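**Student:** Got a structure for you, questions after.
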Amino acid sequence: MASLNVYSVLVVLFLTCGAVMATKENDQIIKENNCETKMGFRYVLEAFTSIFETASISNMCCSELVVLGKGCHSALVKRTLGNPLFKDLSPATITAKSIQTWNNCLALIDSPSPSA
């Protein structure tokens, strides 16, 4: 539970302050597409822990992530990786987890719902 609180603080810090080392391209994508306001905080935290930790992602969060869009998703992940707080993480591993999360959510949203 303490780990979740630490990540909550980090996500709030990330969303309010932004990453100091962000590239102009990612910042421009994020700003032009209002990426930081398209998902509710609960889903931002869930997606974040799914990518940067080992947590599962709910169907509702997947729906929110797909609505956010791949461009926003990628730019936000890249900006997070540029944050000095995450300098010890492997960019290749995080990028792979980010792509896997995106593809899993996209497949889930695109698959037909079972009839009731």
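**Student:** Give the residues of region 32-57 that are exposed (fewer than 15 other Cβ atoms within 10 Å of the Cβ) and not in a helix (DSSP H, G or I), sorted by residue number.
**Tutor:** If the condition is that a residue be exposed (fewer than 15 other Cβ atoms within 10 Å of the Cβ) and not in a helix (DSSP H, G or I), then 34, 40, 53, 54, 56 are the ones that fit.
**Student:** Related question: Restricting to region 58-68, and then to whatever is among the polar types (S, T, N, Q) and outside any loop (DSSP other than H, G, I, E, B), can you tell me which residue is surrounded by the fewest Cβ atoms within 10 Å (Cβ to Cβ)?
**Tutor:** 59
**Student:** Another question, if that's okay. For region 69-86, enumerate the residues that are more than 14 Å from residue 98 (Cα to Cα), in contact with a helix residue (DSSP H, G or I) (Cβ under 7 Å, 6 or more places away or on another chain) and not in a loop (DSSP other than H, G, I, E, B).
**Tutor:** 85, 86
**Student:** With respect to residue 109, determine if the residue is buried (at least 16 other Cβ atoms within 10 Å of the Cβ) and either acidic (Asp, Glu) or more than 11 Å from the chain's Cα centre (by Cα) (or both).
**Tutor:** So residue 109 does not fit the description; no.
No value in this document is a laboratory result; all are computed from the given coordinates. From a predicted model like this one, the values you see are computed outputs, not experimental measurements. Heads up, the Cβs are rebuilt from the backbone with ideal geometry, glycines too, and the neighbour counts pull from every protein chain shown.
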